[in-house]
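Notes to accompany the following structure.
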Amino acid sequence: MSVVQLAMLPLALVVALLLVLVLFFPGCAPDPEKARLKATTKATYDKATGRLAELTFDADKDGLVDTWTHMDGPRILDTVVDQDEDGKIDRWEYYGEGGRLEKVALSRAKTGVPDVWLYPGPDGQVARAELSTEQDGKVDRWEWYEQGALVRAEEDGDRDGRVDKWETYEAGRVATAAFDEDRDGRPDRRLTYGSDGTLVSVETDPDPAGAFRKKVEVR
Ligand SMILES: [Ca+2]
Ligand SMILES: [Ca+2]
Ligand SMILES: [Ca+2]
């Protein structure tokens with residue numbers, strides 16, 4: 001999922017780099033560009049402590065501020081972005097110790113309320129995603145990634161708080177999908193798909209350990 005991979009690129013790093021450019025090399029940009037950067041890259045300091053509290057930035061270079069980075073002195077706390085500049089935040093980046101990106105939230109429905117939460121792994125790529133498919137803040141789908149590729153997902157389709165669908169993925173397509181049909185929290189039916197996406201087999205009748213006792217090949 002390239003959207004997810006792109007989503008993990010921390011904007012705060014870009015903001016920090018550009019701030020350095022603006023502050024320390026003010027003469028290096030052509031005049032209109034310099035004026036835009038000066039107008040849109042603003043630092044706000046905490047009145048009581050004098051510490052740097054916020055930096056603004058114009059990521060898409062249209063002259064309007066779309067990115068706000070909240071700081072505690074030199075430490076980045078979070079960055080919020082209004083990518084489409086409609087006044088509602090679409091992206092939140094949360095930073096931990098050492099400026100490490102810990103979590104990215106997105107409002108894919110563009111409501112100003114997060115509906116996707118992404119968690120990076122040690123390689124900096126997304127390792128796990130939580131999704132609210134109804135955009136109501138309630139997580140009902142969980143995804144796991146390896147080297148940027150979706151490998152596994154769980155879903156609470158009837159939103160009763162219990163997973164009822166389990167999927168595995170290979171090369172970007174569903175390889176298996178298992179369903180809990182009697183609502184006991186365990187899969188009762190598993191469908192296996194071939195590399196061309198066609199249904200290959202249907203397994204049913206799980207034993208107490210969860211192994212399917214019946215298998216019908218579909219040809
Ligand atoms: Ca802008
Ligand atoms: Ca927006
Ligand atoms: Ca359920």
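Residue count for the stretch 145-189 under the criterion of being among the polar types (S, T, N, Q) and touching a strand residue (DSSP E or B) at 6+ places or on another chain (Cβ under 9 Å): the result is 2.
Tell me yes or no: at least one residue of the stretch 169-177 is within 15 Å of ligand 3 (Cβ to nearest atom) and farther than 30 Å from G112 by Cα.
Of all residues in the stretch 169-177, those within 15 Å of ligand 3 (Cβ to nearest atom) come to 177.
So of that shortlist, the ones also farther than 30 Å from G112 by Cα come out as 177.
Yes, the stretch 169-177 has at least one match.
Got at least one residue in the stretch 206-213 being buried (at least 16 other Cβ atoms within 10 Å of the Cβ) and either of a type in the set (G, A, S) or assigned to a loop (DSSP other than H, G, I, E, B) (or both)? Within the stretch 206-213, none of the residues are buried (at least 16 other Cβ atoms within 10 Å of the Cβ) and either of a type in the set (G, A, S) or assigned to a loop (DSSP other than H, G, I, E, B) (or both). On the basis of being buried (at least 16 other Cβ atoms within 10 Å of the Cβ), out of contact with any Lys or Arg (no Cβ under 6 Å at 6 or more places or on another chain) and of a type in the set (G, A, S), does S132 make the cut? No; evaluated as a whole, the condition is false for this residue.
Can you work out which of the residues in the stretch 38-94 that are aromatic (F, W, Y) and more than 19 Å from D115 (Cα to Cα) is farthest from ligand 2 (Cβ to nearest atom)? Among them, the one singled out is Y45. Among the residues making up the stretch 95-121, those that are surrounded by fewer than 15 Cβ atoms within 10 Å (Cβ to Cβ), touching a strand residue (DSSP E or B) at 6+ places or on another chain (Cβ under 6 Å) and on the phi < 0 side of the Ramachandran plot are G96, E102.
Looking at G161, G148, G124, can you tell me which residue is under 30 Å from G96 (Cβ atoms), surrounded by 15 or more Cβ atoms within 10 Å (Cβ to Cβ) and modelled with pLDDT under 95? Spell out the reasoning first.
Working: G161 fails: surrounded by 15 or more Cβ atoms within 10 Å (Cβ to Cβ); G124 fails: surrounded by 15 or more Cβ atoms within 10 Å (Cβ to Cβ).
Within the list G161, G148, G124, the selection yields G148.
Close contacts from the stretch 38-59, counting a first residue that is closer than 18 Å to D72 by Cβ and a second that is surrounded by fewer than 17 Cβ atoms within 10 Å (Cβ to Cβ) and basic (K, R), with Cβ to Cβ under 7 Å and a gap of 6+ residues or different chains, come to Y45/R51; T56/K42.
The values are calculated or read from the model by the stated rules, or taken from the named source; none is laboratory data. This is a predicted model, so every value here is computed, not measured. FYI the Cβ positions are ideal-geometry reconstructions off the backbone, even for glycines, and counts take in every protein chain you see.
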